[in-house]
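Remarks on the structure that follows.
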Amino acid sequence: MDITITPKKLSGSVAAIPSKSQAHRLLIAAAFADNPTTLICPETNQDIEATAGCLRALGADIRRDERGYTVFPIQAVPETAVLDCRESGSTLRFMLPVVGALGVDATFQMAGRLPQRPLSPMWEEMERMGCVLSRPTPDTIRCEGKLQPGDYTIDGGVSSQFITGLLFALSLISGKNRLEITGNIESRPYITMTEQTLSLFGAPRYHSPGEITVEGDWSNGAFWLAAQALGSDLTVSGLEAASTQGDRAVADLLPQLIKGTPVISAADIPDLVPILAVTAAAKNGAVFTDIRRLRIKESDRVASTIAMIEALGGKAEATESTLTVSGNGLRGGIVDACNDHRIAMAAAIASTVCSASVTILGAQCVKKSYPGFWDEFSRLGGNYEQYLR
């Protein structure tokens, strides 16, 4: 689906959707609890559904209704399973160590760019500790064997998702286990979120807390907050100021972008860079450092962000370690979303400060994290036409 937006400021109130990051973790923990757990999560998306589907494949009974999910925990672990991760990096990186801890002979299916996203050094550490991993086809991974108790080590500089996956796995492995994290730790707040989830469920005993409300998502709320900062009359609700989500940083970063030309580290906020870059281009510019991990997201997010800004009439350039966005303003143009939901949504918000129309190619990719985005955009006054290919 392609859409063409006629520039217009937005107005109204919008509630943040449930946090994808927290929903993944709560679903996994609930699947190993002693009693059923209800997760209040009125909206879902393709990534959350991927994790729910993988847990069902392992024996959990997960039921969805308008309020959210009811998770009836795994009673008997299957000997073999097929887990469809769709395009969700979180699902694959969380569930691969979990399957290794359970000793299931499992095949993981992947779609989109997920087969190209890195699994090292977690892959090597899982093999060192008892699993046999292989790639039967370019789009599948097979995990055999079982992780053994002991001392695990992982470099924290590639992805915090590896650490989350191993933390879940070690909570499920009987015996004395320890995880040592070496090097620089990327996205530390999301490791804290995992630790909080494990504590909430009392892991490794996993007692159900009964009913939990998934908190609002700062990552997707950031788009509406940016629109507000750029002049739209919006009120955004449902975001916890005390949240451990790393993208809560957007509340502090947007004022810096409106007032000046900040230098911003992307180490803990790779998902915010597209919308922050749009804000920078519309205002005073910015320099983003620590951009290495942006190149291994749903798209090469350095390249796709630069392409978006330039397609809209702005200027951006990158070195190996920095992304520089000039504050020249944005006019409009044609943006290829590159199958990256955050590029599509950032381009939509950019339209509110453009003088000419904005066309977004592949706009349906927002379903990965925010299926209702275009409905909300329209409800808030966004004016667009869609074209089916």
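State which residue is modelled with the highest pLDDT when the search covers only the range 365-389 and only residues that are among the aliphatic types (A, V, I, L, M) and over 13 Å from Asp340 (Cα atoms). Break it down stepwise before answering.
Of the residues in the range 365-389, the ones among the aliphatic types (A, V, I, L, M) are 366, 380, 388.
Next, only the ones that are over 13 Å from Asp340 (Cα atoms) stay: 380, 388.
Working: Leu380: 98, Leu388: 87.
Looking at the filtered set, the residue picked out is Leu380.
Test Ala33 against the stated conditions and say whether it is out of contact with any helix residue (DSSP H, G or I) (no Cβ under 8 Å at 6 or more places or on another chain) and closer than 24 Å to Pro97 by Cβ. It would help to see each step written out before you state the result.
Details: out of contact with any helix residue (DSSP H, G or I) (no Cβ under 8 Å at 6 or more places or on another chain): yes; closer than 24 Å to Pro97 by Cβ: yes.
Taking the combined requirement at face value, the residue satisfies it.
Considering Glu87, Glu144, Glu127, which residue is assigned by TED's automatic domain parsing to the domain that holds Ile48 and free of Cβ contacts under 8 Å to residues at least 12 places away in the same chain? Walk me through it before giving the result.
Numbers: Glu87 fails: free of Cβ contacts under 8 Å to residues at least 12 places away in the same chain; Glu144 fails: free of Cβ contacts under 8 Å to residues at least 12 places away in the same chain.
Only one candidate qualifies: Glu127.
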Quick one: what pairs do we get from the range 50-62, first residue surrounded by fewer than 24 Cβ atoms within 10 Å (Cβ to Cβ) and of a type in the set (Lys, Arg), second modelled with pLDDT of 95 or more and not in a helix (DSSP H, G or I), C-beta under 6 Å, 6+ apart or different chains? Arg56/Ile62
Out of the strands (runs of 3 or more DSSP E) lying entirely within the range 105-166, which hold 2 or more residues that are touching a Cys at 6+ places or on another chain (Cβ under 9 Å)? 105-109, 131-134, 140-145
Restricting to the range 274-292, what's the tally of residues that are among the basic types (Lys, Arg) and either touching a residue at least 40 places away in the same chain (Cβ under 8 Å) or in contact with a strand residue (DSSP E or B) (Cβ under 9 Å, 6 or more places away or on another chain) (or both)? 1
Taking Phe162 as the residue in question, decide whether it is in contact with a helix residue (DSSP H, G or I) (Cβ under 9 Å, 6 or more places away or on another chain), under 28 Å from Pro371 (Cα atoms) and touching a residue at least 24 places away in the same chain (Cβ under 8 Å). yes
Of (1) surrounded by fewer than 22 Cβ atoms within 10 Å (Cβ to Cβ); (2) under 21 Å from the mean Cα position of the chain (by Cα); (3) on the phi < 0 side of the Ramachandran plot; (4) not in a helix (DSSP H, G or I), Ile306 fails just (4)
Given the residues Arg295, Arg248, which is the only one that is without any contact (Cβ under 8 Å) to a residue 24 or more places away in the chain, under 26 Å from Ile185 (Cα atoms) and surrounded by fewer than 24 Cβ atoms within 10 Å (Cβ to Cβ)? Arg295
Return yes when Tyr152 is outside the structural domain of Glu240 (by TED's automatic domain parsing), at positive phi, surrounded by 17 or more Cβ atoms within 10 Å (Cβ to Cβ) and more than 17 Å from the chain's Cα centre (by Cα) and no when it is not. no
Residue in the range 93-114 that is closer than 29 Å to Glu180 by Cβ and of a type in the set (D, E, K, R) present: yes
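Among the residues of the range 224-241, is any without any contact (Cβ under 8 Å) to a residue 24 or more places away in the chain, in contact with a Leu (Cβ under 9 Å, 6 or more places away or on another chain) and farther than 30 Å from Ser174 by Cα?
Of all residues in the range 224-241, those without any contact (Cβ under 8 Å) to a residue 24 or more places away in the chain come to 228, 241.
Filter once more, so that each one left must be in contact with a Leu (Cβ under 9 Å, 6 or more places away or on another chain): 228.
Pick out the ones that are also farther than 30 Å from Ser174 by Cα and you get 228.
Yes, because at least one residue in the range 224-241 is without any contact (Cβ under 8 Å) to a residue 24 or more places away in the chain, in contact with a Leu (Cβ under 9 Å, 6 or more places away or on another chain) and farther than 30 Å from Ser174 by Cα.
The values are calculated or read from the model by the stated rules, or taken from the named source; none is laboratory data. Quantities reported herein were computed from a predicted structural model and do not represent experimental measurements. Because the Cβ atoms are built from the backbone with ideal geometry, glycine has one as well, and the counts that use them run over all protein chains shown.
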